[in-house]
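Since every read-out is calculated from the coordinates, none of them should be taken as a lab result. Everything quoted here is computed from the prediction, not taken from an experiment. Backbone-built Cβ (ideal geometry, glycine too); neighbour counts: all protein chains shown.
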Amino acid sequence: MVVWSLTRTPAYIITARAISAVMQPTVTIIPLLALFNGFYEPRITVAHWFLWCCVTITCATTLPSILFLIMLKRGTITDLHVSNRSERPFAYGVMILCYGVGTELARRTGAPRRTILLMAAMTLCLMIGAAVNQMVFKCSLHTMSAALAAVALPIAYGRAFLPALAAIGAVGWARVTLRAHTAGEMVAGAIVGAVVGTLVFTLL
């Protein structure tokens, strides 16, 4: 007699995986930059908007992803999550360089001020995250980017975007549920993203 054992993935795990996949930094930054590059501003032409999107999105997502795949293939990093602490300084340096170049290119091509601030804030978050990850623990980049976006949107576009703050809790819950990070690492990422976003968009 054959006994079939069907194991189903719990709904909360499926939900956590979906949130984690949709809210990963390389995904969320694309619509965010499309918005910050002036999508809703009539004074900005489609050509300029497209140019700024190409420049910023390439430096923030495409280029880092390609370089990480090259590093993975060459053995510079063990995995795309950079689990090995000794590999993180170089990996973070690559990301910081890409974001820094994107920030400068955005400035030189006349991108909206909020776009330059967003790129600068992301660069600063990476720098802080690199320092924390090397000295203490691996704080959550997912939660960091979610927190940065969640506080930047209401400051830049008003109270209509306040519901975006819920993304911080959702992403944090997902990453802890999947055991990708501890609660402390999740909170650390959220604090860095929220503080940097608030300071950059209110003081500069």
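Observations
- Matching helices (runs of 4 or more DSSP H) fully within segment 1-90 where at least 3 residues are buried (at least 17 other Cβ atoms within 10 Å of the Cβ) and touching a Ser or Thr at 6+ places or on another chain (Cβ under 8 Å): 25-36, 46-57
- Residue in segment 121-141 that is assigned to a loop (DSSP other than H, G, I, E, B), hydrophobic (A, V, I, L, M, F, W, C), buried (at least 16 other Cβ atoms within 10 Å of the Cβ) and free of Cβ contacts under 8 Å to residues at least 60 places away in the same chain present: yes
- Among the residues of segment 91-120, the one identified as of a type in the set (V, I, T), surrounded by fewer than 18 Cβ atoms within 10 Å (Cβ to Cβ) and farther than 25 Å from K138 by Cα is T109.
- For segment 19-43, the set of residues classified as in contact (Cβ under 8 Å) with a residue 40 or more places away in the chain, over 20 Å from A156 (Cβ atoms) and of a type in the set (A, V, I, L, M, F, W, C) consists of I19 only.
- Just one of the listed residues (V101, V46) is more than 30 Å from A166 (Cβ to Cβ), free of Cβ contacts under 8 Å to residues at least 12 places away in the same chain and out of contact with any Asp or Glu (no Cβ under 9 Å at 6 or more places or on another chain), and it is V46.
- Criterion violated by L153 - all others in (1) crowded, with 17+ Cβ neighbours inside 10 Å; (2) over 15 Å from L32 (Cβ atoms) satisfied: (2)
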